[in-house]
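Read-outs throughout are calculated quantities, based only on the coordinates presented, and are distinct from any laboratory measurement. Every value quoted in this text rests on a predicted model; they were computed, and no experiment measured them. Counting neighbours? That spans all protein chains shown, and the Cβs are built from the backbone with ideal geometry, glycine included.
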Amino acid sequence: MTKKTRTQVCIIGGGPSGLLLSQLLHTRGIESIVLERTTRDYVLSRIRAGVLEQGFLSLMEEAGVGQRMREQGLPHNGVSISYGDEKFRIDFDKHAGNPVMVYGQTEVTRDLYDAREQVGGALEFNVENVTIVDAQMDRPRVTYLVKGEHQEIQCDFVAGCDGFHGVSRKTIPDNIRKEYEKVYPFGWLGILSETPPVDHELIYANSERGFALCSMRNENLSRYYIQCSTLDKVENWSDTDFWDELKKRIPRETAQKLITGSSIEKSIAPLRSFITEPMRWGNLFLCGDAAHIVPPTGAKGLNTAASDVYYLYNGLRQFYENNDSEGINRYAQNAMARVWKVQRFSWWFSSLMHRFPDQSEFDHKMQIAELEFLHSNEAAQKAMAQNYVGLPY
Ligand code: FAS
Ligand code: PHB
């Protein structure tokens, strides 16, 4: 028996994009449902982003879920960049007037799930075979299975927040969709360890042996990454091997301070730049990783999902509150304009900081020259700071 239900906005994907959109819509009395393929615990088990832009914080506050982030998040007013034993700081206060917030995506998603559940938000887990029907019509429908039972939802709009491997992007016909992709010839091996961070701010390291990143979640939870081969496997790396390699990629004076410990999570992420156009097809709107992927070097993945949510949420508000479609009609154009600028920064920073297998001596000299220029030039540091803390929405 198909249980027919109806809502205003059907959101596919219960990651940060879908949950933030659903909670923001709720604050304006706009009804939505979130359909998630896995479970709340599975979503929370994924260790991902760690740095939030000011725009993200403002959206979380507007959604009424900013309290724990304000209490437990770590505001950072700068970041360090090292090459060999050289290290310099990019001052966000001086060059951008805004800090970033170190607060893990896991905690963001937990806060959003708690908020949705507190208000009885419609959440369906373990959904299968999600299909978007009549996205071009006035009354799109979404069908899916839960425990083998067929369900159908009628709605005004569908928000495709189902990430890179979701169904939404592929609902847009191949002859309409244009995709751009750059796959990087390396990945990131990341670990989480219950150890104090090596420094009070993040350190991005370019070394002869490859990129490394020293990050954190709080005063006793550190997150480290080293560039690895795309063919590498987590099981090839003992904790000792990881720590030894990390020490060889960061400045000696930093390596001497590093407190190592057992990893509580270890994973390898591939790196790619990916964009889909258009981000809207009829009444289907793509949001976050469903529409674009950036290499994590610039900490922009989660933050660009937030700017998409900002444009879509305000467009839907305008539609429902003022019967004005201008915002949703401009969604794809507004979101995409910012996405390309973020793609550029993420590509630039990734190209600057990693060792490329086919890199010539000249290419490497160009990297070092660019790092020296960034180290010495205020205008270059200003451009870096303004991109890193987040371009305006
Ligand atoms: P998400 O992928 O987070 O969420 C999509 C949700 O949709 C998932 O829960 C999925 O289960 C669900 N879904 C998929 N298909 C579905 C279907 N057919 N039906 C229903 N539900 C479906 N960003 C950073 O800034 N820094 C980082 O260090 C960083 N590391 C990353 C590491 C990895 C391995 C990955 C994959 C991404 C990383 N990112 C990082 C980017 C990441 O943080 C994303 O930008 C962020 O998760 C985007 O959120 P969503 O758009 O909600 O997509
Ligand atoms: C993280 O802490 O996971 C992190 C921080 C900054 C990045 C990427 C990942 O650029």
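Using the eigenvalues of the Cα gyration tensor, what equivalent ellipsoid semi-axes result for region 149-243 when each is taken as the square root of five times the eigenvalue, whole Å, largest first?
Working: eigenvalues 282, 77, 40 Å².
Working from the Cα gyration tensor, I get semi-axes of 38, 20, 14 Å.
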Study note, to complete from the structure: With Asn387 itself left out, Lys, Arg at +1 and Asp, Glu at -1 over residues whose Cβ is under 12 Å from its Cβ give +4
Study note, to complete from the structure: Rounded to two decimals, the Debye log10 I(q)/I(0) of region 61-133 (Cα scatterers, no solvent) at q = 0.15, 0.20 Å⁻¹ is -0.73, -0.94
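As a check on your grasp of the helix formula, calculate [θ] at 222 nm for the chain: sum -39500 (n - 2.57) over DSSP H runs of n ≥ 4, divide by the residue count, round to the nearest 500. Working shown, then result.
Numbers: 14 runs with 148 residues, N = 393.
Result for the chain: -11500 deg cm²/dmol, rounded to the nearest 500.
If you take every DSSP beta bridge fully contained in the chain, what fraction is antiparallel? Give it as a percent rounded to 5.
Values: 55 of 77 bridges.
The antiparallel fraction comes to roughly 70 percent.
If you wrap a convex hull around the C-alpha atoms of region 141-180 and split its volume per residue, what is the figure in Å³?
On the way: hull volume 4.1 nm³, N = 40.
Roughly 103 Å³ of hull volume per residue.
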Review point. So what's the angle, to the nearest 10 degrees on a 0 to 90 scale, between helix 361-376 and the longest Cα principal axis of the chain?
Key: 90
Review point. Residue-wise, which Karplus ³J(HN,Hα) couplings in Hz belong to region 140-148, taking 6.51 cos²θ - 1.76 cosθ + 1.60, θ = phi - 60°, and x for glycine or proline?
Key: x, 10, 10, 10, 6, 10, 10, 6, x
Point to revise | Cross-link reach list, lysines versus Lys382, counting only Cα pairs under 24 Å and skipping chain neighbours closer than eight places | key: Lys87, Lys94, Lys300, Lys341, Lys365
Exercise for review: Compute the acute angle (0 to 90°) between the alpha-carbon long axis of helix 105-118 and the principal axis of greatest extent of the alpha-carbon atoms of the chain; round to the nearest 10°.
Suggested key: 30
Study note, to complete from the structure: For the chain, the Cα convex hull volume per residue in Å³ comes to 143
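For region 135-252, what is the number of Lys pairs with C-alpha distance below 28 angstrom, counting only pairs 8 or more positions apart or on separate chains?
Numbers: Lys147/Lys170; Lys170/Lys178; Lys170/Lys182; Lys182/Lys233; Lys233/Lys247; Lys233/Lys248.
Counting lysine pairs in region 135-252 gives 6.
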Study note, to complete from the structure: With no solvent term and unit scatterers on the alpha-carbon positions of region 325-376, Debye gives log₁₀ I(q)/I(0) at q = 0.14, 0.16, 0.23 Å⁻¹ of -0.53, -0.61, -0.87
Exercise for review: Please work out the C-alpha center-to-center distance from region 46-105 to region 367-393 and express it in whole Å.
Suggested key: 16
Check your understanding: So who's got an amide H within less than 5 Å of the one on Tyr83, skipping anything under 5 residues away but keeping other chains? H placed 1.01 Å off N, in plane.
Key -> Asn206
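Kindly put Tyr225, Tyr42, Tyr184 in sequence by how many other C-beta atoms sit within 10 Å of each C-beta, fewest to most. Walk me through the intermediate numbers first.
Numbers: Tyr225 24, Tyr42 13, Tyr184 19.
So the ranking, lowest neighbour count to highest, is Tyr42, Tyr184, Tyr225.
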Review point. With point charges of +1 on the Cβ of Lys and Arg and -1 on the Cβ of Asp and Glu, referenced to the Cα centre of region 64-116, which listed residue (Tyr83, Tyr103, Ala115) lies farthest in the positive direction of the dipole?
Key: Ala115
Review point. Where the centre of each part is set by its Cα atoms, how far does region 197-212 sit from region 144-162, in angstrom?
Key: 43
Study note, to complete from the structure: In order over region 53-70: 3J(HN,Hα) from phi, Karplus 6.51/-1.76/1.60, θ = phi - 60°, whole Hz, x for each Gly or Pro, gives 7, 4, x, 5, 4, 4, 5, 5, 5, 5, 7, x, 10, x, 4, 5, 5, 5
Point to revise | Using alpha-carbon coordinates, inclination of helix 378-389 to the longest axis of the chain, degrees | key: 40
Study note, to complete from the structure: So, for the Cα atoms of region 86-181, Rg and Dmax in Å stand at 19.9, 60
**Study point:** Share of pairwise Cα separations in region 287-393, more than 22 Å, in percent
**Key:** 45
Practice item. List, in order, the whole-Hz ³J(HN,Hα) value for each residue of region 87-92 obtained from phi through the Karplus relation with A = 6.51, B = -1.76, C = 1.60 and θ = phi - 60°; use x for Gly and Pro. Key: 8, 9, 10, 9, 8, 5
